[in-house]
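The values are calculated or read from the model by the stated rules, or taken from the named source; none is laboratory data. Everything numeric in this text was worked out from a predicted model, so none of it was measured. Quick reminder, even Gly has a Cβ in these numbers, built from the backbone with ideal geometry, and neighbours come from all protein chains shown. To get the accessible areas, we keep the full protein, side chains included, count just its heavy atoms, and leave off ligands, DNA and RNA. Shrake-Rupley method; radii C 1.70, N 1.55, O 1.52, S 1.80 Å.
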Amino acid sequence: IEKLGGGGMGEVYLAQDTKLERRVALKFLPESLTKNPEARQRLIREAKAASKLNHPNILTIYAVESIDDRDFIVMEYVEGQNLSEYFAKRSPSLEDRLAIAIQIAEGLAKAHTAGVFHRDVKPSNVLIDADGRAKLLDFGLATFRGATRLTQTGSTIGTAAYMSPEQASSRECDHRSDLFSLGVVLYEMIAGRLPFEGTHTTALMYAIVNDEPQPLARYASGIPDELQRIVSKALAKSPSERYQSAADLISDLRRLVRLSSSGGEQ
């Protein structure tokens, strides 16, 4: 029906499923990558990773098809905006921001339980639908237990500003890397800016590995001490000092919401 968007690794179109009479989204490889074996493997891996997951906070994958030697993924079509677009047009309350973070974390909890690590958690990979529900999408860089390695050890995977220190250092990463990236997203949702900055990619990666972010209170008022503690723990440099599971992060965020709504946290 129309092109919805595109980037270096994919082009997404709105389409009509004439058999089931529903609208779907189709993700194709760009023409330039249709003959690239690794790119085709990544597309299939994305479908395999996401198809393992059935959760309200994860975009649903329906099928992988091919036409004229071009592979494409058939997936759920969601009317909404990505997280960056959503915040550009609204000023949600702190409780609403925390609710979005909890939903993203719940999607990650499901993925991690299934052995899937996203590796590219960022605002453009989170859709907010018409009901305000967050959906995690684009598992193009995901890996999962038992999968064949597509990326050589020592190579960097992810989007620079949202990488964990282990990603920025080209070290092996696991589910805790996703939790660091979510910590970056949460910081940005609260402060309106990224926790780590640099004039170029190398400087940015140095900051991620070595620098501590400014306190949230520098950029936003009325920040509960507990929220600062949660964000700081999510952004711990060492994976062993970070949240060890999405479930633990969700528990702390929900507790903060309860305290804030009852007036117990100032």
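Give the residues of the stretch 1-35 that are at pLDDT 80 or above and open to solvent by 60 Å² or more (accessible area, probe 1.4 Å), sorted by residue number.
Hits for the stretch 1-35 are I1, E2, K3, L4, Y13, Q16, T18, K19, L20, E21, R22, R23.
Within the stretch 60-78, identify whether any single residue is in a helix (DSSP H, G or I) and either open to solvent by less than 90 Å² (accessible area, probe 1.4 Å) or farther than 28 Å from R176 by Cβ (or both), and answer yes or no. Walk me through it before giving the result.
Let us first name the residues in the stretch 60-78 that are in a helix (DSSP H, G or I), namely none.
Scanning the stretch 60-78, I find no residue that is in a helix (DSSP H, G or I) and either open to solvent by less than 90 Å² (accessible area, probe 1.4 Å) or farther than 28 Å from R176 by Cβ (or both), so the answer is no.
State yes or no: is F87 surrounded by fewer than 21 Cβ atoms within 10 Å (Cβ to Cβ) and aromatic (F, W, Y)? Write out each step before concluding.
Working: surrounded by fewer than 21 Cβ atoms within 10 Å (Cβ to Cβ): yes; aromatic (F, W, Y): yes.
So F87 fits the description; yes.
Rundown of residues vs (1) surrounded by fewer than 19 Cβ atoms within 10 Å (Cβ to Cβ); (2) in a helix (DSSP H, G or I); (3) among the aliphatic types (A, V, I, L, M), yes/no style:
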position	(1), (2), (3)
T199	yes, no, no
E212	yes, no, no
L227	no, yes, yes
I230	no, yes, yes
K233	yes, yes, no
A247	yes, yes, yes
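Is the stretch 7-14 home to any residue that is assigned to a strand (DSSP E or B), of a type in the set (F, W, Y) and more than 20 Å from G80 (Cα to Cα)? Before the answer, list the steps.
So the first thing to find is which residues in the stretch 7-14 are assigned to a strand (DSSP E or B), and the list is 7, 10-14.
The next check asks that each one be of a type in the set (F, W, Y); those that pass are 13.
From what's left, more than 20 Å from G80 (Cα to Cα): none.
No, that holds for no residue.
Criterion first (over 30 Å from M189 (Cβ atoms), modelled with pLDDT under 90 and surrounded by fewer than 18 Cβ atoms within 10 Å (Cβ to Cβ)) does A39 satisfy it? Please lay out each step first, then the result.
Details: over 30 Å from M189 (Cβ atoms): yes; modelled with pLDDT under 90: yes; surrounded by fewer than 18 Cβ atoms within 10 Å (Cβ to Cβ): no.
Taking the combined requirement at face value, the residue does not satisfy it.
Can you tell me which residue among K48, K135, K27 is in a helix (DSSP H, G or I), under 20 Å from the mean Cα position of the chain (by Cα) and of a type in the set (K, R)? If you could, list the steps in order and put the result at the bottom.
Working: K135 fails: in a helix (DSSP H, G or I); K27 fails: in a helix (DSSP H, G or I).
Of the residues listed, the single one that is in a helix (DSSP H, G or I), under 20 Å from the mean Cα position of the chain (by Cα) and of a type in the set (K, R) is K48.
Checking S240 against (1) closer than 30 Å to S170 by Cβ; (2) in contact with a Leu (Cβ under 9 Å, 6 or more places away or on another chain); (3) outside any loop (DSSP other than H, G, I, E, B); (4) small (G, A, S), only one condition comes out false. Which one?
Result: S240 fails condition (2) only.
Could you list, in sequence order, the residues of the stretch 172-197 that are open to solvent by 10 Å² or more (accessible area, probe 1.4 Å), at pLDDT 90 or above and not in a helix (DSSP H, G or I)?
Scanning the stretch 172-197 gives D174, G192, R193, L194, P195, E197.
What's the total number of residues in the stretch 105-128 that are farther than 18 Å from A161 by Cα and open to solvent by less than 20 Å² (accessible area, probe 1.4 Å)?
Total meeting the criteria: 7.
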